[in-house]
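Asker: Pasting in a structure now, in structure tokens, and then I'll have a few things to ask.
The values are calculated or read from the model by the stated rules, or taken from the named source; none is laboratory data. Values in this document were obtained by computation on a predicted structure and should not be read as measured data. Cβ sites come from the backbone with ideal geometry, for glycine too, and all protein chains shown count toward neighbours. Quick note on the areas: whole protein, heavy atoms, side chains included, nothing else; ligands and nucleic acids left out. Shrake-Rupley method; radii C 1.70, N 1.55, O 1.52, S 1.80 Å.
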Amino acid sequence: VEEIAQHNILWASVRAMHKALNQLSLKPDLILVDGKYFSPWNEVPYRCIPDGDATQACISAASILAKVERDLFMDDLHQAFPSYGWDRNKGYATDEHKKAILKHGLTIYHRKQFVSKLIMPNLFE
């Protein structure tokens, strides 16, 4: 959350990709990125492919794995903060989730800038 607030969602995503790449035991020959933006990593060639999850099987598989991991994380958050319905909304700004934020406030997992634009535009000014 802090990294996204500091750098923006795009560059926080690129930084997360770099962190994941740093954990690989083998150096890849090519990096395929689902989207338009990346920054070089360890001189490995890369290709940015907008909507790559629709055309590249490996990106599609990675997308599925990422969504499953996200859903598991949201289920864990629901256990810690059941008032927000994260087991059902998976972090999306549903009406139920917005109402819960207004009633219970924000947790450390909410992105203040995002929430403020959606439901409380004057809260953080």
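Asker: Translational D (Stokes-Einstein, µm²/s) of the stretch 1-77 at 25 °C and 0.890 mPa s when Rh comes from the Kirkwood sum over C-alpha pairs?
Answerer: Once the numbers are plugged in, D ends up at 179 µm²/s.
Asker: What number comes out for accessible area per residue over the chain if the probe is 1.4 Å? Units Å², please. Can you show the working numbers first?
Answerer: On the way: 8880 Å² over 125 residues.
Spelled out: the 1.4 Å probe surface of the chain, per residue, equals 71 Å².
Asker: Determine, at each q value in 0.09, 0.12, 0.19 (inverse angstroms), the log₁₀ of I(q)/I(0) that the Debye formula gives when each Cα of the stretch 10-125 is one equal point scatterer.
Answerer: Computed log10 I(q)/I(0) values: -0.35, -0.60, -1.06.
Asker: With labels modelled as points extended 7 Å from the Cα through the Cβ direction, what inter-label distance (nm, one decimal) is found for residue 71 paired with residue 93?
Answerer: So the label points at residue 71 and residue 93 sit 2.4 nm apart.
Asker: Only four residue types carry charge here, +1 at the Cβ of Lys and Arg and -1 at the Cβ of Asp and Glu. Report the dipole size of the stretch 1-113 about the Cα centre in Debye, rounded to the nearest 20.
Answerer: Dipole about the Cα centre, nearest 20: 320 debye.
Asker: Extending each Cα 7 Å along its Cβ direction at residue 18 and residue 36, get the distance between those two points in nm, one decimal.
Answerer: My value for the distance between the label points is 2.1 nm.
Asker: A further question on this structure: Carbon and sulfur atoms: what percent of the 1.4 Å accessible area of the chain do they account for? Please list the in-between numbers first.
Answerer: On the way: 4930 of 8880 Å².
The nonpolar share, carbon plus sulfur, comes to 55 percent.
Asker: Still on this structure, please answer the following. Once amide H atoms are placed 1.01 Å from N in the peptide plane, what residues at a sequence separation of 5 or more from residue 31, or on another chain, have their amide H within under 5 Å of its amide H?
Answerer: For residue 31, whose amide H was placed from the backbone, the distant partners under 5 Å are 46, 47.
Asker: Let me have the 222 nm mean residue ellipticity of the chain computed from DSSP H runs of 4+ only, each contributing -39500 (n - 2.57), with the sum over all residues rounded to the nearest 500. Don't skip to the answer; put the middle values down first.
Answerer: Values: 6 runs with 65 residues, N = 125.
Rounded to the nearest 500, it is -15500 deg cm²/dmol.
Asker: Same structure again: Only Cα pairs under 8 Å and at least 6 apart count here; give the relative contact order of the chain as a rounded whole percent. Spell out each step's value before the answer.
Answerer: Numbers: 95 pairs, mean separation 20.0, N = 125.
Relative contact order here is 16 percent.
Asker: Estimate the FRET efficiency between residue 80 and residue 114 by the formula 1/(1 + (r/R0)^6), using the beta-carbon distance for r and 22 Å for R0, to the nearest 0.05. It would help to have the intermediate numbers written out before the result.
Answerer: On the way: r = 20 Å, r/R0 = 0.90.
The calculated FRET efficiency here is 0.65.
Asker: Can you work out the Karplus-derived ³J(HN,Hα) for every residue in the stretch 95-103? Use 6.51 cos²θ - 1.76 cosθ + 1.60 with θ = phi - 60°, whole Hz, and x for glycine or proline.
Answerer: Working through the residues one at a time gives 4, 4, 5, 4, 4, 5, 5, 4, 7 Hz.
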